[in-house]
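Beneath this line is the structure, given in structure tokens, with notes to follow.
The values are calculated or read from the model by the stated rules, or taken from the named source; none is laboratory data. These figures come from a predicted structure and were not determined experimentally. Cβ coordinates were reconstructed from backbone atoms using ideal geometry, including for glycine residues, and neighbour counts include every protein chain displayed. All accessible areas refer to the heavy atoms of the entire protein, side chains included, with ligands and DNA or RNA removed. Shrake-Rupley method; radii C 1.70, N 1.55, O 1.52, S 1.80 Å.
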Amino acid sequence: MTRLVIFDYGAGNLHSLAKAIAADGRNVTVETDLRVAMQADCLVLPGVGAFGAAASAMHGGQADLRAALSDGLPCLGICLGMQLLFDASEESPGRGVGLIPGKVTRLRTPKVPHMGWNDIEWRESGNGQNRASLGSAYFANAYICEPEDESPILAWTTHQDARFASMVRSANTVGVQFHPEKSSFAGRAFVNAVIEDLIECR
Amino acid sequence: MLTNRIIACLDVMDGRVVKGTGFVNLRDAGDPVVLAERYEAQGADEIVYLDIAATGEGRGTLLDLVRRTAERLFIPLTVGGGMRTVDDIANALRAGADKTAVNSAAVRHPNLLTHAASRFGSQCVVASIDALRRGESWEVYVDGGRQPTGLDAIEWAKRCAELGAGEILLTSIDRDGARSGYDIELLSAVAAAVTVPVVASGGAGSARDVVDAFVRGGADAALLAGILHDATTDIRSLKSALQAASIPVRTAA
């Protein structure tokens, strides 16, 4: 039985995410203690809440998590969960995990938040390209990730005059700025294929 | 590019879908979960549940409905109606809603928008505004469109966005259920005044009306209810019509 653990920052909807990644042979649980959550076969950092509150909920576990992720612990970060992989955010004070060097900045476009379905522009030569692909997905973000260099970026998305990383990978950790669990049938197939891929790569 | 969204709205009461005209004359229109799944399969971009009874004793029924829906629906779900406190919002999100629509309580306690946005993120907080035309302007009404507030709808929309709302759900009370088209003047005035996305609501009678909401009204999304529930049109043919009018839409896989 593969153990998937969703880390609960105490913010929002984890119910439909748990359902979206449930499958035969998987045990999906929700955990508020980061150190317990890190015992999973695949850790999921969900996408609802504010950066500062989620960082506080890690109770200083950032460095341990960074070490575990660098060591190959499979992890999927969705939206805010992707942003937490970086060092810090303009949204609120608090330390990110720092797995991917870079920061999270406010989307500076005429229309914010970036809300709705948008295209995923796959990078041709992305390293560790997942088998899964996705044409478009649902986004709901006012902040974007800015990696210090482009090597972790697997896909981009464009909103008005901004182009930002919509999928990154480092070791066995993937971050997606969109919500695959809210992107209907194709999104569910995608997120499940990504999780399979991460676990197999371990 | 970001596509224009089609949102199927289900007015719910006691766990069933209802739809009225001008906020009254309710007709039973089916099981919410079955309808929501059907709309997802047809290519709906989002689903909204508006609890129109919104009484204290009905809360448990609504949250149970949200829970049942979230287990089977994999597009965003917004829940509105009777959201009075941050705890009401927390409970709806916990049950499986992705966003909550706040209406009367935001007028009475504007800080509710700010508190909810700082705790859950502004993308979870939709300011729902019911507006009635008063000559050259529009007045905000609360309590299901029954209670005037003296607030100007355009000014109130701006304030909601400043307070932390991540989206405006703008309903024309005059047009609601009338199928004579969205109130394009109201829509374009609000869309020009705020930087957050605006959802057009009230009045859709045909694909042409939806095209107008995007092209002339500047809406980011259009909310539809009655004409979907009674099969006057369906989302697939609606999206074909939008594509034909060069409006970017997501075509379902």
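Answer yes or no as to whether A:THR157 is touching a residue at least 24 places away in the same chain (Cβ under 8 Å) and within 11 Å of another protein chain (Cβ to nearest Cβ). In short, yes. Considering only residues that are away from chain B (no Cβ under 14 Å) and open to solvent by 30 Å² or more (accessible area, probe 1.4 Å), look in region A:1-22 and name the one that is nearest to B:LYS99 (Cα to Cα). Out of the qualifying residues, it is A:ARG3. Selection of region B:212-233 for residues being open to solvent by 10 Å² or more (accessible area, probe 1.4 Å) and modelled with pLDDT of 95 or more yields B:ASP212, B:PHE214, B:VAL215, B:ARG216, B:GLY218, B:ASP220, B:LEU223.
Taking region B:1-91 as the region of interest, the strands (runs of 3 or more DSSP E) fully inside it that hold 3 or more residues being closer than 15 Å to A:SER184 by Cα and at pLDDT 95 or above are B:5-13. Quick check on region B:78-87: of everything there that is farther than 20 Å from B:VAL18 by Cα and in contact (Cβ under 8 Å) with a residue 12 or more places away in the chain, which residue is least open to solvent (accessible area, probe 1.4 Å)? Here the answer is B:VAL86. Somewhere in region A:123-130, is a residue more than 10 Å from chain B (Cβ to nearest Cβ), in contact with a Phe, Trp or Tyr (Cβ under 8 Å, 6 or more places away or on another chain) and assigned to a strand (DSSP E or B)? No, there is no match, as no residue in region A:123-130 is more than 10 Å from chain B (Cβ to nearest Cβ), in contact with a Phe, Trp or Tyr (Cβ under 8 Å, 6 or more places away or on another chain) and assigned to a strand (DSSP E or B).
Residues that are within 11 Å of chain B (Cβ to nearest Cβ) and not in a helix (DSSP H, G or I) within region A:163-202 comprise A:HIS179, A:SER183, listed in sequence order.
Kindly indicate which of A:LEU84, A:LEU65 is open to solvent by less than 10 Å² (accessible area, probe 1.4 Å), modelled with pLDDT of 95 or more and over 25 Å from A:LYS182 (Cα atoms). Matching residue, one of A:LEU84, A:LEU65: A:LEU65. From the list B:ILE168, B:ILE184, the one residue that fits, being open to solvent by less than 10 Å² (accessible area, probe 1.4 Å) and among the β-branched types (Val, Ile, Thr), is B:ILE168. The residue list B:THR69, B:THR100 contains one member that is polar (S, T, N, Q), over 22 Å from B:ASP220 (Cβ atoms) and open to solvent by less than 10 Å² (accessible area, probe 1.4 Å), which is B:THR69.
Taking region A:140-187 as the range and being among the β-branched types (Val, Ile, Thr) and over 11 Å from the mean Cα position of the chain (by Cα) as the test, the residues that pass are A:ILE144, A:ILE153, A:THR157, A:THR158. Scan region A:103-113 and give yes if some residue there is surrounded by fewer than 17 Cβ atoms within 10 Å (Cβ to Cβ) and modelled with pLDDT under 95, otherwise no. Taking every residue of region A:103-113 in turn, none turns out to be surrounded by fewer than 17 Cβ atoms within 10 Å (Cβ to Cβ) and modelled with pLDDT under 95.
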